[in-house]
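Following: one structure in structure tokens, then a few remarks.
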Amino acid sequence: MNRRNFLKHAGAGGLLAAAWPAFAQSSAPETGPSAGLKFTTPPSLQNPGATAMTVAIGVSGPSTAWVEYGETEQLGRLASGTRHGLKPYDSLAHQIRIEGLRPGQRCFYRVHACAIDFRNAYDIRRGETVATDIFSFRTFDPNATEARFVVWNDTHENATTLARLMEQTAPLPADFRVWNGDVTNDNYREERMVAHYLGAGNQPFTRESPLLFVRGNHDARGPVARALPRFQETPGGLSYYSFRHGPLAGVVLDSGEDKPDSHPVYAGLGDFTAFYREQAAWLEQELKKPHLRKARFRVAFSHIPFWWQDRGFAGDADDPRSEWHRLLAKAKFAAVISGHTHRHACFPPDEMKPYAQIIGGGPRPEAATLIQGVVTAKELSLTMTDLAGRELAAWRVKA
Ligand SMILES: [Fe+2]
Ligand SMILES: [Fe+2]
């Protein structure tokens, strides 16, 4: 079922309830020791580029997986997910990279998984296979005439907020979506991370439109927080990166924790100060690249805001993140989009900063927000709405 049909069948109210079981179809009888393999999440599009896309999906047990894809619903090509000579084998989630696409290309795809009964190195048995419905996405295109995106932040596992955000998001056209940090509260079990990071709380959030993941301080907390790349693939495996689509160039920064590394709650396990410096050095070089330099508009995503009213790390010379501010200001960024404070705000440029600081709301339904971005060659427009669709703030800037 494609998205149009899915929406038609489900209707607005039925969308959320119907979303979960709708994407998995079993294509073989349930027999053998590995019977019952299921997808536990909708497909999740990650690490988008002009010629590639990663499809990730949760599975209920030990399995391998692959993606069938093509320019039409006939598909016809195969992405094997091979890394270092080995095809995928995992019991929680798979990430399969599709490469060799064209910029702005529509690509249809379906994910397959096959149960694997790994008895020993010489006795590996294949079981049933399951496949998703066919979905499609479009690759990034630096020559696109416009870029549209939607931002969520600080959902903190709030099921009501996630469901209502999805209701607001589903009808909005988006070339990509951004999860601007604090998807979760803490990461204690990798099984839960599948549901949170791939499943978007059971919402088909990134099935046809890729996700740009921005790590929040809560995403970096908990004993299994280091497993995050297993569930959210980012360029080069780094939580800071840049991208380009049409007139928009973006930078994602990882603003780390909200307390100093020396704070006793981290027991000495945080090393964010060095990480901020690493990102500053990277940013200085990255901003020289044509995809950023030549874009009509530049926007940064950072979970923790650079500014909150007249305060913020950007103005603290002792904080290495203040260097990010200096670099973005020099590179004429139009806006920094953040979350973290759980109170929405929109600070236009002023004498402290030549860019707007936009901050999305918090996890409770009454505080949650959705930020919609529309970027053309002439204008960048950011509109923040609440869960009833009421406009809370808007920021527009001409080229
Ligand atoms: Fe938060
Ligand atoms: Fe936060």
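The values are calculated or read from the model by the stated rules, or taken from the named source; none is laboratory data. Being a predicted model, the structure only gives us computed values, none of them experimental. FYI the Cβ positions are ideal-geometry reconstructions off the backbone, even for glycines, and counts take in every protein chain you see. All accessible areas refer to the heavy atoms of the entire protein, side chains included, with ligands and DNA or RNA removed. Shrake-Rupley method; radii C 1.70, N 1.55, O 1.52, S 1.80 Å.
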Selection from the range 43-66 of residues touching an Asp or Glu at 6+ places or on another chain (Cβ under 9 Å), open to solvent by 10 Å² or more (accessible area, probe 1.4 Å) and in a strand (DSSP E or B) yields T64
Take the range 105-125 and flag every residue that is open to solvent by less than 20 Å² (accessible area, probe 1.4 Å) and closer than 18 Å to S44 by Cβ. C107, Y109, V111, A113
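It is to be established whether one or more residues within the range 333-342 are out of contact with any strand residue (DSSP E or B) (no Cβ under 7 Å at 6 or more places or on another chain), in the same structural domain as D386 (by TED's automatic domain parsing), within 16 Å of ligand 2 (Cβ to nearest atom) and open to solvent by 40 Å² or more (accessible area, probe 1.4 Å). Don't jump to the end; show me each part of the working.
As a first pass, look at the range 333-342 and keep what is out of contact with any strand residue (DSSP E or B) (no Cβ under 7 Å at 6 or more places or on another chain): 340, 342.
From the residues that got through so far, the ones that are in the same structural domain as D386 (by TED's automatic domain parsing) too are 340, 342.
Right, trim to within 16 Å of ligand 2 (Cβ to nearest atom) and you get 340, 342.
With open to solvent by 40 Å² or more (accessible area, probe 1.4 Å) added as a condition, the list becomes 340, 342.
Checked the range 333-342: at least one residue is out of contact with any strand residue (DSSP E or B) (no Cβ under 7 Å at 6 or more places or on another chain), in the same structural domain as D386 (by TED's automatic domain parsing), within 16 Å of ligand 2 (Cβ to nearest atom) and open to solvent by 40 Å² or more (accessible area, probe 1.4 Å).
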Quick check on my filter: what residues within the range 93-104 are loosely packed, with under 15 Cβ neighbours inside 10 Å and touching a Lys or Arg at 6+ places or on another chain (Cβ under 9 Å)? G100
Restricting to the range 126-170, what's the tally of residues that are crowded, with 19+ Cβ neighbours inside 10 Å and within 16 Å of ligand 1 (Cβ to nearest atom)? 10
List, please: which pairs have Cβ atoms under 8 Å, are six or more places apart or on different chains, and start with a residue in the range 143-159 that is on the phi > 0 side of the Ramachandran plot and end with one that is in a loop (DSSP other than H, G, I, E, B) and away from ligand 1 (no atom under 16 Å from the Cβ)? none
Out of (1) away from ligand 1 (no atom under 16 Å from the Cβ); (2) modelled with pLDDT under 95, the one F176 does not meet is (2)
Restricting to the range 213-248, and then to whatever is within 16 Å of ligand 2 (Cβ to nearest atom) and basic (K, R), can you tell me which residue is farthest from N180 (Cα to Cα)? R221
Restricting the first residue to the range 340-360 and requiring it to be without any contact (Cβ under 8 Å) to a residue 60 or more places away in the chain and assigned to a loop (DSSP other than H, G, I, E, B), which pairs with a second residue that is within 15 Å of ligand 2 (Cβ to nearest atom) and charged (D, E, K, R) meet a Cβ separation below 9 Å and a spacing of at least six or different chains? T341/D154
By residue number, the members of the range 120-157 that are within 25 Å of G100 (Cβ to Cβ), in a strand (DSSP E or B) and more than 21 Å from the chain's Cα centre (by Cα) are T129, A131
Six or more apart or on different chains, Cβ under 9 Å: which pairs go from a residue in the range 218-234 that's outside the structural domain of Y266 (by TED's automatic domain parsing) to one that's modelled with pLDDT under 95? Could you list them? none
If a residue must be of a type in the set (V, I, T), farther than 17 Å from P305 by Cβ and under 20 Å from the mean Cα position of the chain (by Cα), how many such residues does the range 343-384 contain? 3
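Could you check, for the range 252-266, whether at least one of its residues is crowded, with 18+ Cβ neighbours inside 10 Å, at pLDDT 95 or above and outside any loop (DSSP other than H, G, I, E, B)? Step through it out loud before you land on a result.
First, pick out the residues of the range 252-266 that are crowded, with 18+ Cβ neighbours inside 10 Å: 252-257.
Then keep just the ones that are at pLDDT 95 or above; that gives 252-257.
Those left that are additionally outside any loop (DSSP other than H, G, I, E, B): 252-253.
Yes; the residues of the range 252-266 include at least one that is crowded, with 18+ Cβ neighbours inside 10 Å, at pLDDT 95 or above and outside any loop (DSSP other than H, G, I, E, B).
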Total residues in the range 287-317, condition crowded, with 18+ Cβ neighbours inside 10 Å, free of Cβ contacts under 8 Å to residues at least 60 places away in the same chain and either part of a helix (DSSP H, G or I) or hydroxyl-bearing (S, T, Y) (or both): 3
Return the total of residues in the range 346-373 being open to solvent by 10 Å² or more (accessible area, probe 1.4 Å), within 26 Å of L327 (Cβ to Cβ) and out of contact with any helix residue (DSSP H, G or I) (no Cβ under 9 Å at 6 or more places or on another chain). 6
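Mind checking which residues of the range 224-251 are of a type in the set (A, V, I, L, M, F, W, C) and part of a helix (DSSP H, G or I)?
Step one: filter the range 224-251 for residues of a type in the set (A, V, I, L, M, F, W, C), giving 224-225, 227-228, 231, 238, 243, 248-249, 251.
Hits for the range 224-251 are A225, A227, L228.
Looking at the structure I just gave you, is G201 within 16 Å of ligand 1 (Cβ to nearest atom), closer than 27 Å to T160 by Cβ and buried (at least 18 other Cβ atoms within 10 Å of the Cβ)? Walk me through it before giving the result.
Values: within 16 Å of ligand 1 (Cβ to nearest atom): yes; closer than 27 Å to T160 by Cβ: yes; buried (at least 18 other Cβ atoms within 10 Å of the Cβ): yes.
In short, yes.
When the residues of the range 166-222 are narrowed to those that are assigned to a helix (DSSP H, G or I) and of a type in the set (S, T, N, Q), which ends up farthest from D133 (Cα to Cα)?
Start the filter on the range 166-222 by keeping residues that are assigned to a helix (DSSP H, G or I), which leaves 166-169, 190-198, 218-220.
Filter again for of a type in the set (S, T, N, Q), leaving 168-169.
Numbers: Q168: 24, T169: 21 Å.
Step by step, filter the range 166-222, then rank; the result is Q168.
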